[in-house]
Amino acid sequence: MPQGVPRLTVTRARSTADYILEVSVLLRQSTPRLGLIAYGENVCKLADVVAGVIGRLGGDVKIVAWDINSRKSRGRRESYLYVELEYNPTF
C-alpha cells in the first residue's frame, strides 16, 4: 500500500450509501487521491462503495492502485482489499 495517500477504512458501522457520499465529497473537495481499505467480510462492502463512487462521479474517477491479500489478526488469517481512487474532473 502506498504511503502518503489519505486512507479511509470501510467498516460495518456505517452504510454503503454513507461511504459513497463521504468518498465522493472527499474526492471533489479535499483530496484528488484517496485510498480505501476493508478487512474480512467488509471487503464486499468496499467493492460496492467503489462501484457506487464510480457510478456517481463517472469517468472522472479511476482506480489507480489496488491490493488484495491477507494479514494475521488475532491469531487467524483475515483478508483485506485496498483500492486507491484518483479524481480528475474534466470540464
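A short reminder: the numbers here are calculations on the coordinates, not readings from a lab. Keep in mind that what you see is a predicted model, and the values were worked out from it rather than measured. Positions of Cβ are backbone-derived with ideal geometry, glycine not excepted, and every protein chain shown enters the neighbour counts.
Worth pointing out:
- Count of the stretch 44-91 residues which are closer than 20 Å to A17 by Cα and not charged (D, E, K, R): 20
- Residue list for the stretch 37-58, filter: in contact (Cβ under 8 Å) with a residue 24 or more places away in the chain and among the small types (G, A, S): A38, G40, A47, G52
- Contacts under 7 angstrom Cβ, first residue in the stretch 18-29 being polar (S, T, N, Q), partner assigned to a helix (DSSP H, G or I), 6 or more apart: S24/V53; S24/R56; S24/L57
- Those strands (runs of 3 or more DSSP E) lying entirely in the chain with at least 3 residues crowded, with 17+ Cβ neighbours inside 10 Å and in contact with a Lys or Arg (Cβ under 9 Å, 6 or more places away or on another chain): 33-39, 76-87
- The stretch 28-41: number of residues that are over 11 Å from the mean Cα position of the chain (by Cα) and of a type outside the set (F, W, Y): 7
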